[in-house]
1. With the dipole of the chain worked out from charges on the C-beta (+1 for Lys and Arg, -1 for Asp and Glu) around the Cα centre, which of G79, A65, Q99 lies farthest toward the positive end?
2. Please compute the contact order of the chain in relative form: average sequence separation of alpha-carbon pairs under 8 Å and at least six residues apart, divided by the residue count, as a percent.
3. Considering only G112, A166, L34, whose Cα is most displaced toward the positive end of the charge dipole of the chain, charges sitting on Cβ of Lys, Arg (+1) and Asp, Glu (-1)?
4. If I build a Gaussian network model for the chain, linking alpha-carbon pairs within less than 10 angstrom, which residue out of L155, L41, L95 has the largest mean-square fluctuation?
5. Given H placed 1.01 Å from N in the peptide plane, which residues other than close sequence neighbours of G76 have an amide H under 5 Å from its amide H?
6. Whole-Hz ³J(HN,Hα) for each residue in region 67-84, computed from phi via Karplus 6.51 cos²θ - 1.76 cosθ + 1.60 with θ = phi - 60°, x for glycine and proline: what do you get?
7. Net charge around R172, counting only other residues with Cβ within less than 12 Å of its Cβ (Lys, Arg = +1; Asp, Glu = -1)?
8. What nm value, rounded to one decimal, do you get for the distance between R118 and L5 when each label is placed 7 Å out toward the C-beta?
Amino acid sequence: MRHPLPTAEEALAILRAKRTRPQRRPPPPAGKSLAPLLKSLEDRFGKGPAALQARWREIVGDTLARRTEPVRIIKGRNGEGGALELRVDGPVASLIQHQAPQITARLDMLLGKGVVTRLRIVQGPVKAAAAPVAQRPRRKPPLDAALEKQLSDSLADQPDGGLKDALLKLGRGVLREHP
């Protein structure tokens, strides 16, 4: 036996009497709950090499930055200064050893006094460092009319063609450099 469908008033009464489930909330962002944990880990173990990688070129210079990279900071025992592990490409290790006091002095300015007291050098392949953004060379201004006329008059007896065009181009380049 089939039951008849309720009328509109009966349906409203049924819906008012029944409790519905609350709408499901999305979980909170992971960063919100991880932020205090990450802060305590950073206070306990330091920032690690990520802080150094961003400013490595400033610390060691362009030449060494292309051939080296910071890997990790090894915490010292009993509160002593730690060691910075560097991955070095080939013979640059001797340069790093030679410049170790200057590098640790610069690291003291960045990380704080005594955080890194020595360098641990590991030879291995280095990730290709991003080259500094090279500025486009400025375009040289065109020759003034008098120099252009003098150049074209000096090549007037040459036959038209590729050689004359190349000589004009060469002459303009030379006159722009040394007017």
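1. Towards the positive end, the residue furthest out is G79.
2. With pairs under 8 Å counted, the relative contact order is 15 percent.
3. Ranked along the dipole, the leading option is L34.
4. The residue that fluctuates most here is L155.
5. Placed amide hydrogens put G82, A83 under 5 Å from G76.
6. Ordered by residue, 3J(HN,Hα) equals 10, 9, 7, x, 9, 7, 10, 9, 5, x, 7, 6, x, 6, x, x, 10, 9 Hz.
7. Result for the local shell: -1.
8. Result: 8.5 nm between the two label points.
Readers should treat all values here as calculations from the given coordinates under stated rules, not as data from a laboratory. Keep in mind the model is a prediction, meaning the values are calculated, not measured. Ideal geometry is used to build each Cβ from the backbone, glycine not excepted, and the neighbour counts take in all protein chains shown.
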